[in-house]
Amino acid sequence: GEDAAQRSAGAGDGGAAKKARAAAGPHLGEWIEAPACAWRHPSTVQSKRLGARNLTLPARIASQDGDVSKDATAGAVLAAAAFNVASTSTIVVLNKMVFQTFRFKFPVLLVCIHMAITWAGMRGAAALGRFELKPIAMRHCLLLALVFNSYNLSSLINLRVNSVGLYQVTKVLIAPAVMAAEWAFFGKGTSLAIKLCVLVMCVGVAAATVSDVQCHAAGLAAAAAAVAGATAYQLAIARLQKRFGASSNQLLTACIPMALLVGLIATPVDGLLRDEGEGEAAMGVLEWNAKFGGPQTYLVILCSGVAGLMVSLSTFLFIGVAGPLTYNVVGHIKTVTVLTAGWLVFGDFMSGKKLLGLALTMCGIVGYSVVKMRESSEDKRRQREALPR
């Protein structure tokens, strides 16, 4: 009897200890080393009996197996999409001014300026209490830094050595590449309906944007590297957010210093990307500053950096709530918008082939949205049925 009482008391003590550890939450090692989908914190994840609607965004991300969009509300996805479209459209205009008006022929250095402003802005927001910092393992930060800079450099080289037509082909191929990589590396498949919608969309974008495709060995290698880099970057964002249960703010803030360091090391590539026929081809940063520097120039570069902060944040946020594939699908809405606006507002020529391509693109995008909403509703219904009564 005494032995039984002691065992009962020991079990009670063990239960109390477990409750204390649960209330304290995971320690740093658990944050860093926890496998994908394994981390749950009592302050962010409510009881499963309350349903998925009570999960915060980090919990929703952590609770999914490769698809972070199942529990995200339609409003959150639309808001993230609008934020991403607005920020990317803004940075295109500002970067065009930086490169053409002020002759700043240092694209890698400009990206480094963007990352520095991004890091300062995110740290400032954290200091003001807008979000809490989260430790991310150094090796994962380095992985994301290498992937981001590889994606950035491969895109610049792709644009530099290939025709506009082949460059557009690489942009079209990113969505199928994301689907293939998720299936090959993470075992995440997509339904036949999703595949058909993406196929229709890609055919439409190709018909509307691709012309004068010129191929050579170096160009094909650069195009393949650009597609692989973009795919790896988007998947890395999604998987790391899910692995650490981190919000877009937390992951971006943790990884941006390492990305900035790698980018600074890669700045000599700027000298290889400039056209030799331009007068500024041999001009260094100091010479450029002496010739073009001034308050207006610095202000535009600063505004470009702020837009870069918005682009980075919106990209991490959008992939976090919608997933890499949806991020690519929405990206093609920007293509449709730009081409349609050029036709209606500026009187650009609209051929029958381009018009058909835009129509097919929109059909694919609308079909994709409908199928995703239907599949999301089915997933939520199955989750509710699986909850204990």
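The values are calculated or read from the model by the stated rules, or taken from the named source; none is laboratory data. Everything numeric here is computed off the predicted structure, so don't read it as measured data. Backbone-built Cβ (ideal geometry, glycine too); neighbour counts: all protein chains shown. These area figures cover heavy atoms from the full protein model, side chains too; ligands, DNA and RNA do not enter into them. Shrake-Rupley method; radii C 1.70, N 1.55, O 1.52, S 1.80 Å.
Of the options A206, T170, Q250, report the single residue whose Cα projects farthest towards the positive end of the charge dipole of the range 154-282 (beta-carbon charges: Lys, Arg +1; Asp, Glu -1). Towards the positive end, the residue furthest out is Q250.
The accessible-area ordering, largest first, of the residues K242, K380 stands as K380, K242, per a 1.4 angstrom probe. In terms of accessible area, using a 1.4 Å probe and ignoring ligands and nucleic acids, F148, F83 rank largest first as F83, F148.
Using θ = phi - 60° in the Karplus curve 6.51 cos²θ - 1.76 cosθ + 1.60, the 3J(HN,Hα) couplings for the range 221-226 round to 5, 5, 5, 4, 5, 5 Hz; x is entered for Gly and Pro.
For the cross-link pairs K134/K188; K188/K354; K188/K353; K96/K353, which exceed 30 Å when the distance is taken from alpha carbon to alpha carbon? Flagged as over cut-off: K188/K354; K188/K353.
Accessible area ranking (1.4 Å probe, heavy atoms, ligands and nucleic acids excluded), largest first, for L313, L159: L159, L313. Projected label points at K195 and A224, each 7 Å from Cα along the beta carbon direction, are separated by 2.3 nanometres.
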